[in-house]
Amino acid sequence: MDRAALVRAAARNHVGWMEGLARAVTGGAGGRYDRVRWMEVRSGEVWVPFPQRPSGPALDALLAWSREHDVGRIGVWATGLEPLAALEAGLAPRGFGEGWRPHWMAIASADLALSERDPRVEIVDAAPEYDAYGRALLVLCGGRFWHAVARVDGVYAGHAWSHRVGDCAGVYDVDVVPRFRRQGLGSALTAAVCRAAGGRWAVLNATGEGEALYRALGFMSLGFGRTWWRHGRP
């Protein structure tokens, strides 16, 4: 796949991830108007995945729904490939400000060292460290979501998630407890969830902190997306 196709594949994977969160946490709460769709991924927080030239009435419908459901935070995502001027022009007058930029990254699974297993990391069906949405994801969306947990001498040290859509495994929420960092656990967790999900490609969006880890593993940069956020009840 070329870079644009990989970004679109990452966006599709993110939509599936958001759908899973919404089903697990809020029972699939959300709505749709025209070409704009939104999902309540946490109580009081709505995400709008990758709208294409949303109309004013559609954005107003989003705000009206959010008022009715006591939503205090709305995030709108863009891949960075689509024309953004019209989207930004519709969001700014409605109280949205630009937020962080997702850094899309990808690697061919064949280029990851997936055969090297770390005994500190395992794919698990249940763990006391899960939060509510983690437990619900595995129950409601089993077969498309995988969770890896790292333990050092029996002590919880970190976790990661993956989600499979088509030929792409999306990597999410790679996190290592601070006192266990710089011991190779981030790499091992990433490899474990990619191995579990399978597929020809692994895709993700990296934070500034995580970018160095993914570059060291061989992930290539695909460019940056955009997000806009509205805080406070509409």
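The values are calculated or read from the model by the stated rules, or taken from the named source; none is laboratory data. All of these numbers come straight from a predicted model, not from anything done at the bench. Note that we place each Cβ from the backbone using ideal geometry, even for glycine, and neighbour counts take in every protein chain shown.
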- If only one of 195, 164 is in contact with a helix residue (DSSP H, G or I) (Cβ under 9 Å, 6 or more places away or on another chain), assigned to a strand (DSSP E or B), at pLDDT below 95 and not assigned by TED's automatic domain parsing to the domain that holds residue 20, which one is it? 164
- Take the residues in region 144-156 that are surrounded by fewer than 24 Cβ atoms within 10 Å (Cβ to Cβ) and in contact with a Lys or Arg (Cβ under 7 Å, 6 or more places away or on another chain), then tell me which one is farthest from residue 13 (Cα to Cα). 152
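Determine if region 132-139 includes at least one residue that is among the basic types (Lys, Arg) and modelled with pLDDT of 90 or more.
Taking region 132-139 as the starting set, the residues that turn out to be among the basic types (Lys, Arg) are 135.
Now restrict to residues that are modelled with pLDDT of 90 or more: none.
No.
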- Query: In the list 22, 5, which residue meets the criterion of being in contact with a Gly (Cβ under 6 Å, 6 or more places away or on another chain) and without any contact (Cβ under 8 Å) to a residue 24 or more places away in the chain?
  - Reply: 22
- Output the residues belonging to region 16-55 that are outside any strand (DSSP E or B) and either modelled with pLDDT of 95 or more or in the same structural domain as residue 165 (by TED's automatic domain parsing) (or both). 50
- Item | Breaking point among (1) at pLDDT below 90; (2) under 22 Å from the mean Cα position of the chain (by Cα); (3) small (Gly, Ala, Ser); (4) under 30 Å from residue 195 (Cα atoms), for residue 80 | (1)
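For (1) on the phi > 0 side of the Ramachandran plot; (2) buried (at least 18 other Cβ atoms within 10 Å of the Cβ), each residue gets a yes or a no:
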residue: 5; (1), (2): no, no
residue: 17; (1), (2): no, yes
residue: 21; (1), (2): no, yes
residue: 38; (1), (2): no, yes
residue: 50; (1), (2): yes, yes
residue: 65; (1), (2): no, yes
residue: 68; (1), (2): no, no
residue: 89; (1), (2): no, no
